[in-house]
Structure formats: C-alpha cells, structure tokens
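Chemist: Below is the structure I would like to discuss, written out as structure tokens.
The values are calculated or read from the model by the stated rules, or taken from the named source; none is laboratory data. Keep in mind that this is a model prediction, so the values were computed, not measured. Note: ideal-geometry Cβ built from the backbone for every residue, glycine included; neighbour counts use all protein chains shown.
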Amino acid sequence: MYAFQIFEVVISEDFFVDSENVLWLLPFCMVVIPFVYFIRVKLYDKYVHGIDLEAMDAELQYYREKEKQSNHFVKEKQEAEVQEEAEKDLSNELPNNMLHKMFNNLKHSMQSFLDMIL
C-alpha cells in the first residue's frame with residue numbers, strides 16, 4: 001500500500017495522495033493480507049510455540065490405526081464367542097431335556113392316577 005502511495009506521489013500530477021485511487025488497492029489487499037497472515041500463524045506456531053502440525057497429524061493417524069485394530073480385535077472376539085455358542089454341541093443337552101420332560105410328564109400322570117385311585 002505504501003508503494004502504491006509513493007508511486008502515486010511521484011507519478012501523479014494532483015496533490016492529493018489518498019484519493020479514489022486507493023480503492024484500487026482493496027481487491028489486492030483482500031487477497032494478500034489473509035495469505036500473509038496464514039503464513040505468519042504457521043511460522044509463529046511452529047517456531048515460537050513449538051507446535052508442529054505434521055507431527056500432530058502423524059500422531060492422530062497412529063491413534064486412529066490403534067483404535068481400528070482394537071475395535072477389530074473386539075469385533076473378532078465377539079464373533080468368535082457367537083460362533084462358539086452357535087456351534088455348541090447340543091447332542092447331550094437335547095436328549096437330556098427330552099428325557100427330563102418325558103419323566104416329568106410320566107410323574108405327573110402317575111400322581112394324578114394315584115390321587116384318583118386313593
């Protein structure tokens with residue numbers, strides 16, 4: 001902006017430095033100032049505060065991968081438990097349950113028969 005004003009003083013024939021011509025600088029400043037500020041913030045954070053965004057990104061990526069692996073391990077463990085439960089050998093339980101039910105029915109029918117006779 002100062003360069004534009006010096007250029008205007010040297011080249012222009014009028015005696016007013018800050019006239020309408022300063023409005024030509026507005027679009028240029030709207031592009032340059034945020035870009036320069038962004039660079040300043042990056043440099044200030046890195047060298048003054050010691051904040052390295054690339055190192056932080058790498059660390060976050062490491063923790064994301066670790067979380068994915070732990071979630072995958074837990075999911076595999078749950079699937080294994082479900083599969084183990086589904087594949088449980090029912091050959092012993094099914095006949096025992098059937099026999100138990102049959103004997104309970106026989107017991108009840110005998111009791112009711114004895115109650116009727118006596």
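Chemist: Within the range 42-54, identify whether any single residue is modelled with pLDDT of 85 or more and either assigned to a helix (DSSP H, G or I) or exposed (fewer than 10 other Cβ atoms within 10 Å of the Cβ) (or both), and answer yes or no.
Modeler: For the range 42-54, residues modelled with pLDDT of 85 or more and either assigned to a helix (DSSP H, G or I) or exposed (fewer than 10 other Cβ atoms within 10 Å of the Cβ) (or both): absent.
Chemist: Among (1) at pLDDT below 80; (2) assigned to a helix (DSSP H, G or I); (3) surrounded by 10 or more Cβ atoms within 10 Å (Cβ to Cβ), where does Lys107 come up short?
Modeler: Going through the list (1) at pLDDT below 80; (2) assigned to a helix (DSSP H, G or I); (3) surrounded by 10 or more Cβ atoms within 10 Å (Cβ to Cβ), Lys107 breaks only (1).
Chemist: Would you be able to say whether some residue in the range 34-41 is of a type outside the set (A, V, I, L, M, F, W, C) and not in a helix (DSSP H, G or I)?
Modeler: No: zero hits.
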